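Q: The structure follows.
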Amino acid sequence: MHGTRNANERDSAEAVKIRVILMDNIELIMADTQTDAFLAKRRSMVESQLRARGIRDERVLSAMFLVPRHEFVSAEYRDQAHEDHPIPIGEGQTLSQPYIVAIMLEALALKPADTVLEVGTGSGYQTALLAELARQVYSVERHVSLARAAQATLARLGYTNVEVVLGDGSHGLPERAPFDAIIVSAAAPQIPPPLFKQLREGGSMVIPVGPAPAQELQLVRKQSGLPVVTDLEGCRFVPLIGSEGYSSGW
Ligand code: SAH
């Protein structure tokens, strides 16, 4: 009797162990399947929305394949995270469409040793891409909830070369200037002079300029201290709100 009970106990202990192993594996398999699904979505986003439309910079394409875009949106938008449109991120703001992000990053032509200023952290998605492409990223966001969420996501994903700063980024971040590149993710009424001032000689800034319905994405290069402006693409961004931006939303 005694022996039988021991054997039963052993059996049930084994059964529990096997069940735990099975459950662990099922969870791993499910996580893997999800990872694969998002990987497939990123691959198709890169091929059909970016490469097919003329994005050629392999560093940008690889970064956009690598960075898990779905991690930067709330659960309700996760399935649409890779679609060809902007995604709401709270506070009336949006995560830009993948193609626009790619156009901006390609125009900047970042080098691995660059220091970059980003104005408008938003979800932190583009911040992560910048962190992949440059040495150090300073990113300014005016909404505390967005700044906190972006910082948490970036830390969770292991980015250590990023500093998210809360405040009005329309006048830049003079204490960290000069920058090799500046990227502004909200539309300004004109190129903010303090931002241009904080650009290193030979550096580049990408910024949407213009009113609500009709903005132009501009590449601004600093050559012999003067701005050389190239129009890149028509676009629609949320407004840059601050001392060098608009005084309120639209
Ligand atoms: N690239 C972002 C897009 C964010 S939308 C992403 O990947 O998610 C633009 C962001 O700019 C918004 O979060 C908005 O709050 C922010 N913003 C607008 N004016 C700003 C200002 N003056 N300083 C800092 N952030 C600003």
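Q: Give LEU117, LEU105, LEU110 a once-over and let me know the one that is buried (at least 20 other Cβ atoms within 10 Å of the Cβ), in a helix (DSSP H, G or I), among the hydrophobic types (A, V, I, L, M, F, W, C) and modelled with pLDDT of 95 or more. Let's see the steps before the verdict.
A: On the way: LEU117 fails: in a helix (DSSP H, G or I); LEU110 fails: in a helix (DSSP H, G or I).
Being buried (at least 20 other Cβ atoms within 10 Å of the Cβ), in a helix (DSSP H, G or I), among the hydrophobic types (A, V, I, L, M, F, W, C) and modelled with pLDDT of 95 or more holds for just one of LEU117, LEU105, LEU110, which is LEU105.
Q: Here's something else I'd like to know. Could you list, in sequence order, all residues of segment 78-95 that are within 8 Å of the ligand (Cβ to nearest atom) and either assigned to a strand (DSSP E or B) or modelled with pLDDT under 95 (or both)?
A: ILE89, GLN93, THR94, LEU95
Q: Evaluate segment 168-180: report whether one residue or more is within 11 Å of the ligand (Cβ to nearest atom), touching a strand residue (DSSP E or B) at 6+ places or on another chain (Cβ under 6 Å) and at pLDDT 95 or above.
A: First pass over segment 168-180, keeping only residues within 11 Å of the ligand (Cβ to nearest atom): 168-173.
Those left that are additionally touching a strand residue (DSSP E or B) at 6+ places or on another chain (Cβ under 6 Å): 169, 173.
Right, trim to at pLDDT 95 or above and you get 169, 173.
Within segment 168-180, one or more residues are within 11 Å of the ligand (Cβ to nearest atom), touching a strand residue (DSSP E or B) at 6+ places or on another chain (Cβ under 6 Å) and at pLDDT 95 or above.
Q: Hey, among the residues in segment 50-69 that are assigned to a helix (DSSP H, G or I) and open to solvent by 20 Å² or more (accessible area, probe 1.4 Å), which one's nearest to LEU108 (Cα to Cα)? I'd like the intermediate steps shown before the answer.
A: Going through segment 50-69, the residues assigned to a helix (DSSP H, G or I) turn out to be 50-53, 58-66, 69.
Remaining after also requiring open to solvent by 20 Å² or more (accessible area, probe 1.4 Å): 51-53, 58-59, 62, 65-66.
Numbers: ARG51: 17, ALA52: 20, ARG53: 18, GLU58: 13, ARG59: 12, SER62: 16, PHE65: 18, LEU66: 19 Å.
Here the residue is ARG59.
Q: So which residues in segment 192-222 are open to solvent by 20 Å² or more (accessible area, probe 1.4 Å), assigned to a strand (DSSP E or B) and closer than 18 Å to ALA177 by Cβ, if there are any at all?
A: Hits for segment 192-222 are ARG200, GLU201, GLY202, ARG221, LYS222.
Q: If TYR138 meets every condition in (1) more than 19 Å from the chain's Cα centre (by Cα); (2) surrounded by 15 or more Cβ atoms within 10 Å (Cβ to Cβ) apart from one, which number is that one?
A: For TYR138, the failing item is (1).
Q: When the residues of segment 208-234 are narrowed to those that are in contact (Cβ under 8 Å) with a residue 24 or more places away in the chain and touching a Ser or Thr at 6+ places or on another chain (Cβ under 9 Å), which ends up farthest from the ligand (Cβ to nearest atom)?
A: LYS222
Q: Would you pick out the residues in segment 186-207 that are touching a residue at least 40 places away in the same chain (Cβ under 8 Å) and more than 25 Å from HIS143 (Cα to Cα)?
A: Residue satisfying the conditions is SER204 alone.
Q: On to the next question. Among the residues of segment 153-166, what is the count of those that are in contact with an Asp or Glu (Cβ under 8 Å, 6 or more places away or on another chain), within 13 Å of the ligand (Cβ to nearest atom) and not in a helix (DSSP H, G or I)?
A: Adding up the residues that qualify gives 3.
Q: Going by what's in this entry, would ALA181 be described as assigned to a helix (DSSP H, G or I) and in contact with a helix residue (DSSP H, G or I) (Cβ under 8 Å, 6 or more places away or on another chain)? First the steps, then the outcome.
A: On the way: assigned to a helix (DSSP H, G or I): no; in contact with a helix residue (DSSP H, G or I) (Cβ under 8 Å, 6 or more places away or on another chain): yes.
So ALA181 fails the test.
Q: A further question follows. Just one of the numbered conditions (1) away from the ligand (no atom under 14 Å from the Cβ); (2) among the aliphatic types (A, V, I, L, M); (3) within 12 Å of the chain's Cα centre (by Cα) is not true of ALA150; which one?
A: (1)
The values are calculated or read from the model by the stated rules, or taken from the named source; none is laboratory data. None of these values were measured; they are calculated from a predicted model. Note that each Cβ is placed from the backbone with ideal geometry, even for glycine, and that neighbours are counted across all protein chains shown. In case anyone asks, the SASA skips ligands and DNA or RNA and just uses the protein heavy atoms, side chains included. Shrake-Rupley method; radii C 1.70, N 1.55, O 1.52, S 1.80 Å.
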